[in-house]
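Participant: Supplied in structure tokens, the structure appears directly below.
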Amino acid sequence: MAALEHGTSQPKNEAIFRRRLLRWFQQSQRTLPWRGETDPYRILVSEIMLQQTRVAVVEDRYRKFVAQFPSVERLARAREDTVLAAWSGLGYYRRARALHQAAKEITARDTFPGTADELRELPGIGRYTAAAVASIAFGEPVAVVDGNVKRVLERVTQRQAPMQQMAEEDYWQAAGKLLDTRRPGDFNQAMMELGALVCLPAQPLCHACPVAGLCSSRGPRERMERPQRRKAVLQYALARRNGSVLLRQRDREGSLMPGMWELPEIGPEKRNETPLLTLRHSITTTDYSVLVFATKTAITAGRWVPMAAVERLPLTGLTRKILRKLSAHVIGKAKTYR
């Protein structure tokens, strides 16, 4: 194994590694709606959506989003509430706001930034996203590093235990030295695909790995202890009249989901009553038990919204989930959903 700077190392034969990885990617890559896309705007949308969100969730939402906003100009002209409504359910709404603002800046420039450095000047675009878009859309020879790529690099460089993990910059340097500069977009996607499908955290599929013979380590890595998840209860009131539901808007200046619409939250006073609906919902490190109660109590603060129009509002993901569950089942009978 050839030693590199900063104490990292590379596979035994970089040229063979690249060739085998790219051949495997060509044959085994997943069919995804953004795969093979050349429009930098659509590549940017997919990369922003994929941040902290599972591919299976993004696939359908990506199709709908680019159908509604097929170009960067259309997105730039849209109202923020319309963009947030289209994003509703994906979570991390600051991504949508940043993407919307980036579209405005790109349109004002009258040209799409063509390098990673230029892309990083846009709001909400960090090193990874800039490198992904620049390499895939424009063929710039810049490497990407995400969680999947880190795992591949740790294994091929024999750094498995948590205490042996590289410093952040070492990952980027190692990825850059391994990059196939002739096909940077395909290579970057292949590295991420390998980590997502084969080089799995707990049980890597070494028998199916195209570069197993060049890897410095095989088998599962030592697991890092995960922080214990918090448990909490949320309670909401469902007030209806004449086919409308009462919703409240979160503070536009708040730090958490500002400006989003949701059902009125209520305190613990209804704990002894039977909820209309019970469901579970997880956000970052907290698992919530969510109870929804039908209410006849007058609630003055809020806005009555026809059920047929609620999807056009920027709803919180939880509110959208609650209303869809209620629409799909008989209201009035208590049910539990997972």
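The values are calculated or read from the model by the stated rules, or taken from the named source; none is laboratory data. As the structure is a computational prediction, the values presented were derived from the model and not from experiment. Every residue, glycine among them, receives a Cβ derived from its backbone with ideal geometry; neighbour counts consider all protein chains shown.
Conditions tested, residue by residue: (1) loosely packed, with under 13 Cβ neighbours inside 10 Å; (2) within 23 Å of ALA232 (Cβ to Cβ); (3) modelled with pLDDT of 90 or more.
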site: HIS281; (1), (2), (3): no, yes, no
site: VAL290; (1), (2), (3): no, yes, yes
site: THR295; (1), (2), (3): no, yes, no
site: VAL310; (1), (2), (3): no, no, no
site: ARG320; (1), (2), (3): no, yes, no
site: LYS325; (1), (2), (3): no, yes, no
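Participant: Tell me which residues, restricted to region 28-55, are charged (D, E, K, R), assigned to a loop (DSSP other than H, G, I, E, B) and within 28 Å of PRO210 (Cα to Cα).
Facilitator: ARG30, ARG35, GLU37, ARG54
Participant: I'd like to verify a number: residues in region 176-187 that are under 18 Å from CYS215 (Cα atoms) and surrounded by fewer than 22 Cβ atoms within 10 Å (Cβ to Cβ), how many?
Facilitator: Summing the residues that are under 18 Å from CYS215 (Cα atoms) and surrounded by fewer than 22 Cβ atoms within 10 Å (Cβ to Cβ) in region 176-187 gives 4.
Participant: Take the residues in region 80-113 that are at pLDDT 95 or above and part of a loop (DSSP other than H, G, I, E, B), then tell me which one is surrounded by the most Cβ atoms within 10 Å (Cβ to Cβ).
Facilitator: Going through the qualifying residues, I end up with PRO113.
Participant: Here is a list: ALA202, ALA190, ALA196. Which entry is at pLDDT 90 or above, surrounded by fewer than 18 Cβ atoms within 10 Å (Cβ to Cβ) and under 23 Å from the mean Cα position of the chain (by Cα)?
Facilitator: Of ALA202, ALA190, ALA196, the one residue that is at pLDDT 90 or above, surrounded by fewer than 18 Cβ atoms within 10 Å (Cβ to Cβ) and under 23 Å from the mean Cα position of the chain (by Cα) is ALA196.
Participant: Right, next: Within region 60-72, track down each residue that is surrounded by 14 or more Cβ atoms within 10 Å (Cβ to Cβ) and at pLDDT 95 or above.
Facilitator: TYR62, PHE65, VAL66, GLN68, PHE69, SER71, VAL72
Participant: Still on this structure, I have one more. Here is a list: ARG159, ARG151. Which entry is at pLDDT below 95 and in a helix (DSSP H, G or I)?
Facilitator: Among ARG159, ARG151, only ARG151 is at pLDDT below 95 and in a helix (DSSP H, G or I).
Participant: Answer yes or no as to whether THR129 is assigned to a helix (DSSP H, G or I), assigned by TED's automatic domain parsing to the domain that holds ASN148 and buried (at least 22 other Cβ atoms within 10 Å of the Cβ).
Facilitator: It is true that THR129 is assigned to a helix (DSSP H, G or I), assigned by TED's automatic domain parsing to the domain that holds ASN148 and buried (at least 22 other Cβ atoms within 10 Å of the Cβ).
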